[in-house]
1. Please give the length that would be gained between R215 and V108 if that part of the chain were fully extended, namely 0.36 nm times their separation in residues minus their C-alpha to C-alpha distance (nm, one decimal).
2. With a 10 Å radius around each residue's Cβ, average the other Cβ atoms per peptide and rank 103-109, 169-175, highest first.
3. Going by average Cβ neighbours within 10 Å, how do the peptides 149-161, 85-97 rank, with the highest at the top?
4. When N is the residue count of segment 136-224, what does its C-alpha Rg come to as a fraction of 2.2 N^0.38 Å?
5. For E166 and F51, calculate 0.36 nm times their separation in residues minus their Cα-Cα distance, and state this gained length in nm to one decimal.
6. Using Cα pairs under 8 angstrom and six or more residues apart, how large is the relative contact order of segment 164-224, in percent?
7. Assuming 0.36 nm per residue, please report the length gained on full extension of the stretch T145 to E68 beyond their Cα-Cα distance.
Amino acid sequence: MSESEPLHPSADDPRFGDETRDAASNPASANMPQASPSADATRPASPRDRFEQQIASRRDNLDDHDPEETLWSGGYSSKAMTGWWIVLIVLSIALLVGCFMFTQLTLVMTMSIIVIMWVFVAGNYARMRLGYHYELTSQRFIHKTGLLSRRSDRIEVIDIDDVSYEQGPVQRLLGVGTIHITSSDRSDPELSLVGIDKVSQVAGLIDDVRRNERRRRSLHIESI
């Protein structure tokens, strides 16, 4: 007869795993119910879990978009007032000469007229210089107007239909002009940018961004 195996093996028996040895060393733990590993998987998601999943999915969608970068920013250029300054200087000299040639025109009256003209032109320059600001990004065209109260509006570059510019004789010499933007935007279907420096380059940049954004959107739609 072969050697008989012990009916109650010890905890150190190598034929038994760690769970058997733990049960042997701690008999009370053997009687405790074990949690099912699939209990958490079958548990329905709470409203908080669903909300966090929605937020995470929206963040993933935002990460898929191309980052928006500023390509150009500017406003009314001081060069656009060059013609006004020249005319103002000529008129001021003419009034001073007329003051000494005609007795009906006194010096006080002449200086009053000159001061009024300069204040009017300087105020108009400050209004145009400080009251208009433009910014072109890779996706939007932003224009802000106003001195005390500021209005800001945005036009998607994909909604821009046409870009053109015009220049006068003096403006062509100085490289400034007015850009006209036609778009399908409801608030500003036609927008004029007055006194823009390097007007041809800025108008070409706006048109290039518009065409690139339309091409990118069409490729994105085709890939869906």
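Please treat every number below as a calculation from the coordinates, not as lab data. Since the model is a prediction, treat every value here as computed from it, not as a measurement. For neighbour counting, all protein chains shown are included, and Cβ atoms are generated from backbone atoms with ideal geometry for every residue, glycine included.
1. 32.1 nm
2. 169-175, 103-109
3. Ranking the peptides 149-161, 85-97 by packing returns 149-161, 85-97.
4. Cα Rg divided by the expected 2.2 N^0.38 Å: 1.21.
5. Contour length minus Cα-Cα distance gives 36.1 nm.
6. Worked out over segment 164-224, it gives 27 percent.
7. Computed gain between T145 and E68 is 25.5 nm.
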